[in-house]
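Values in this text are rule-based calculations from the coordinates and carry no lab data. Values in this document were obtained by computation on a predicted structure and should not be read as measured data. For neighbour counting, all protein chains shown are included, and Cβ atoms are generated from backbone atoms with ideal geometry for every residue, glycine included.
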Amino acid sequence: MGLNLAQKIIKEHLITGEMAEGSEISIKIDQTLTQDSTGTMAYLQFEAMGIPRVKTKKSVAYIDHNTLQAGFENADDHKYIQTVASKHGVYFSRPGNGICHQVQLERFGVPGMTLLGSDSHTPTGGGIGMLAIGAGGLDVAVAMGGGPYYLTMPKVSKVNLKGNLKPWVSAKDIILEVLRVLSVKGGVGKVVEYAGEGIKNLTVPERATITNMGAELGATTSIFPSDEMTKEFLKAQGRESDWIELKPDADASYDEEIEIDLDSLEPLAAKPHSPDNVEKVKEIGKIKVDQVAIGSCTNSSFMDMMKVAKILKGKTVKSDVSLVIAPGSKQVLTMLAQNGALADMVAAGARILESACGPCIGMGQAPKTDAVSLRTFNRNFEGRSGTKSAQVYLVSPEVAAASAITGVMTNPKDLGDAPEIKIPSEFVTDDNMVVEPAPEGAEVEVVRGPNIKPFPLNKELGEKLEGKALIKVEDNITTDHIMPSNAKLLPYRSNIPYLAEYCLTPCDPDFPKRAKENGGGFIIGGSNYGQGSSREHAALAPLQLGVKAVITKSFARIHMANLINSGIIPMTFENEADYDEIDMGDDIVIENIVNQIKNGSRLTVKNKTKNKDIPVNVTLSERQVEMILAGGLINYTKKQNQ
């Protein structure tokens, strides 16, 4: 039996383990990326390892998240990242150069390579044929030091695209349809591989939109073949020499297959407050719109922007609608300025934001109270926009631009003929905003501002784990709930003691106070706990507050890995009904826990308050068992090197 595309790349990079579903494997990482929201912590952890220079083929540090400089904190972090990158061999993408995933695709992505990024939307690189995976900053730090990346051998799901998109229907509608079919939990433990006749007419930027939102499926990553369309994109970027053809074997097998008929797709929208709450735009109806935001790593490519500019040309944004547009990179912004499209946007009444993540991660442009906001972004979790009462819909650039003009949710088909936008045969390429590292790092002084604090470290696991159930939360708790990400808190990404004061406060404002008063304890959660961002702050902040374990119905992949890296034990109820057997405030104890973990995946948790034994599962590899016993990845690594 032949190999599918994901298996081919994994096999090429396999270091340890067998490519059997469910087995732990480790792979070699060719490239890494960090951004400034998660990067400061990643580089602090890299420094703690004592490795002088990165050992990847290319590592890039981007500044694209914390660009609102209301105080010294963000600028200090930027300076720290620039100097630590220069010292240790990392390329530095300056603020203004663009969103990490957009720039990585344009300038650095190489088909067939592995990419590990401290951002959950790193799978964007799958649009160019990379095996691109989002992870916590500590995993990325290890990879920069030449260490392998460990993961569970995923299933591979084939999404067969047949037919062709109709006018006004876009790549965003494809991934929204996949989300509608599979749900935000449907990709857990899987690589989503796209195939079929329908991919042949999808450009690399369109493919990248689809792989980008594979993160919302919970997938390990998503990937397209590297074909003639990929070659043309790289040629237009002046990087044709990076192209190789990559495709699955003719007799490749898959764990599951679904089919999407592109001919029958219509403009779609994800309704509040989940990316899989998808409905046709025409069925949602002409609801009043207050804000439209276009951009993010999902939909900020040159082609996306040109579609928007064509729709806005000669029109005026409705007087009671705020339209903001953020081109994805300096390359995109430069080309829009040169061809006049930027002037068309401005003339229509759009407010142009810098080439950064901006409102997608709550960094500015919070909507008004009770607003309806249409966004071309990837997440619409409640409160993520900065306004808890806002109703955020995820839409394509076409729907967004049409609705900005009319003031109501609009099917762009109502505008008449769709603009024809072709991918350029040549992009403007100027990497003057990428700073090469110092040839010899020893002479570089790393600059640390006063906001940069040491990160918490766990300690070796004792014989007994006990504490109170500090909080009990529902299904689909996101990392935005666990460690909020907004304009007020993002500047403190390098200050875990400060951030911990806001841990889980969207669920319970008293959680940090209760955790400290009780000397830590347990978090009780529902299914898909920790979905969303790769931010390891959602593990570090609980660690700072003394959280010892999290017991849930199920975990999102990256968050579970981050908990293990921090030495916090992730447990799942053997019987989901036992979720009802623990209430906030109950006293929990796990006796003889070291031997229990060493002897198998099944543990017994005793609820002393209710005098009930509850069976739980701890799904750990042998290596992860040793990590938990040591108190996390850094302690484990130090022990290995003693």
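Tabulated results
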read-out	value
Debye intensity ratio in log₁₀ form over the Cα atoms of the stretch 5-264, taken at each q of 0.11, 0.16 Å⁻¹	-0.58, -1.18
Euclidean distance of C-alpha centroids, the stretch 304-348 and the stretch 4-57, integer Å	38
Residues listed by number, the stretch 392-407, amide nitrogen under 18 Å from residue 282 label point at 7 Å toward C-beta	396, 398-400, 402-403
Rg followed by Dmax, in Å, when the stretch 268-415 is reduced to its Cα trace	13.8, 39
Peptide ranges 563-574, 594-605 listed from the most packed, as the mean C-beta count within 10 angstrom indicates	563-574, 594-605
Label zone at residue 510, where the point sits 7 Å out along the Cα-to-Cβ direction: the stretch 467-503 residues whose backbone N lies under 20 Å	467-474, 482, 500-503
Mean-position separation - Cα centroids, the stretch 60-82 and the stretch 596-618, in angstrom	44
Helix 397-406 vs. the chain, principal-axis angle (Cα, 0 to 90°, nearest 10)	60
Compactness relative to 2.2 N^0.38 Å, alpha carbon Rg of the chain	0.92
Given charges at Cβ of Lys, Arg, Asp, Glu: the chain dipole, positive-most of 145, 88, 168	88
Charge dipole magnitude, Cβ of K and R +1, D and E -1 - the stretch 1-57, Cα centre, debye nearest 20	260
Lys, Arg +1 and Asp, Glu -1 on Cβ, resulting dipole of the chain about Cα centre, debye, nearest 20	1000
Whole-Hz ³J(HN,Hα) from phi, Karplus 6.51 cos²θ - 1.76 cosθ + 1.60, for the stretch 542-548, glycine and proline x	x, 4, 4, 8, x, 5, 9
The chain: angle of helix 330-339 to the longest principal axis, Cα-based, in degrees nearest 10	10
Length-normalised contact order for the stretch 162-306 - Cα pairs under 8 Å, 6+ apart - percent	32
Which listed pairs, of 158/286; 190/453; 330/422; 598/638, have C-alpha distances above 27 Å, in listed order	158/286; 190/453
The stretch 423-457 and the stretch 215-259: distance between their alpha carbon centers, rounded to Å	29
DSSP-assigned coil residues among trypsin sites (Lys or Arg not before Pro) in the stretch 421-527, each with at most 14 further Cβ atoms within 10 Å	422, 459, 464, 488
Over the stretch 268-415, relative contact order from alpha-carbon pairs under 8 Å, at least 6 apart, %	35
Principal semi-axes in Å for the stretch 26-73 [√(5λ), Cα gyration tensor, largest first]	24, 14, 8
